[in-house]
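Following: one structure in structure tokens, then a few remarks.
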Amino acid sequence: MPRSPAWTQDELLLACALVVENGWNELREGDLRVADLSHLLRSLPIHEGAARAIPKFRSIGSVSRKTSDLASNHPTYVGTPTKGGRLDREMISAFIARPTEMLLAAAALRQGIGTGELYSIPQDPDELDDEGNSAVEGRLLTRWALHRERNRGLRARKIAQATKLGQPLQCEVCDFDFGSIYGDLGTGYIEVHHRLPLHVSGPRETRLDDLAFLCANCHRMCHRSRAGESWRTPSALRAEIVKSAP
């Protein structure tokens, strides 16, 4: 019998949101919210085929045990914590540092699942970094954001708006201008990125003002994953540049 795959950030995001909403307490097997989350996790487009091949995959009992891991590894827990794991601790730290934002992320993920939109978006190689890591909010929200940013029509309208207003097509983080460096080849080229993560702005229709112009390097750095972190806004990336300057 194959073993269930390790929990991902996406799954831990949803589980930890329940624990937080329950006052940082575990949820027992008889709690209807545990049964609901078990059903939801078995449907996620992450562990392809696991729900069919492994009868106990994300069972009610395993979901309840994971809420115990998350609750008992909180710094204020009184008693002996369960073993847990690195991703559990990173998720706990993220919810402690940014509870409102992380709860919004969980709500956005649930909404994307509920509408079916997340099931229709194909996997994107950039939802994970070269080491196989994703942002603390998980790969599905990253996949959703990348899918929207790569909407050619939306990008074309953003560029047309800037051209009409006489605004330069240059990176809003580092001021790189493709046309200035590459001549005709680079003229009119720029990438777009959401100013705010999808879970902060909400999974609504993207407006042109939601998008920032970025060069390829800065765009990559905005989406680059690091343990326990979210993807970066352009302003946060600019702050990283300032911080690292000699």
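The values are calculated or read from the model by the stated rules, or taken from the named source; none is laboratory data. These numbers come from a predicted model, not from an experiment. Because the Cβ atoms are built from the backbone with ideal geometry, glycine has one as well, and the counts that use them run over all protein chains shown. Keep in mind that these areas ignore ligands, DNA and RNA; they rest on the heavy atoms of the full protein, side chains included. Shrake-Rupley method; radii C 1.70, N 1.55, O 1.52, S 1.80 Å.
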**OP:** Six or more apart or on different chains, Cβ under 8 Å: which pairs go from a residue in region 80-93 that's touching a residue at least 12 places away in the same chain (Cβ under 8 Å) and among the small types (Gly, Ala, Ser) to one that's surrounded by 18 or more Cβ atoms within 10 Å (Cβ to Cβ) and assigned to a helix (DSSP H, G or I)? Could you list them?
**Re:** Gly84/Asp69; Gly84/Leu70; Gly84/Ser72; Gly85/Asp69
Original post:
Is there any pair with a first residue in region 136-147 that is on the phi > 0 side of the Ramachandran plot and a second that is open to solvent by 10 Å² or more (accessible area, probe 1.4 Å) whose Cβ atoms are under 8 Å apart and which are 6 or more apart or on different chains, and what are they?
Top reply: Gly138/Thr8; Gly138/Gln9
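Report yes if Val78 is in contact with a Leu (Cβ under 6 Å, 6 or more places away or on another chain) and either part of a helix (DSSP H, G or I) or modelled with pLDDT of 90 or more (or both), otherwise no. Reasoning before the result, please.
Details: in contact with a Leu (Cβ under 6 Å, 6 or more places away or on another chain): no; either part of a helix (DSSP H, G or I) or modelled with pLDDT of 90 or more (or both): yes.
Judged against the criteria, Val78 is not a match.
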Original post:
Just a yes or no: is a residue in region 44-57 modelled with pLDDT of 95 or more and either among the charged types (D, E, K, R) or in contact with a Gly (Cβ under 6 Å, 6 or more places away or on another chain) (or both)?
Top reply: no
Original post:
Just wondering, is there one or more residues in region 4-12 that are open to solvent by less than 40 Å² (accessible area, probe 1.4 Å), of a type in the set (Ser, Thr, Tyr), assigned to a loop (DSSP other than H, G, I, E, B) and in contact (Cβ under 8 Å) with a residue 60 or more places away in the chain?
Top reply: yes
Original post:
So which residues in region 146-171 are exposed (fewer than 13 other Cβ atoms within 10 Å of the Cβ), within 27 Å of the chain's Cα centre (by Cα) and hydrophobic (A, V, I, L, M, F, W, C)?
Top reply: Ala156
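Look at Gly228 and say whether it is loosely packed, with under 15 Cβ neighbours inside 10 Å, at pLDDT below 95 and not in a helix (DSSP H, G or I). It would help to see each step written out before you state the result.
Numbers: loosely packed, with under 15 Cβ neighbours inside 10 Å: no; at pLDDT below 95: yes; not in a helix (DSSP H, G or I): yes.
When the stated conditions are applied, Gly228 does not pass them.
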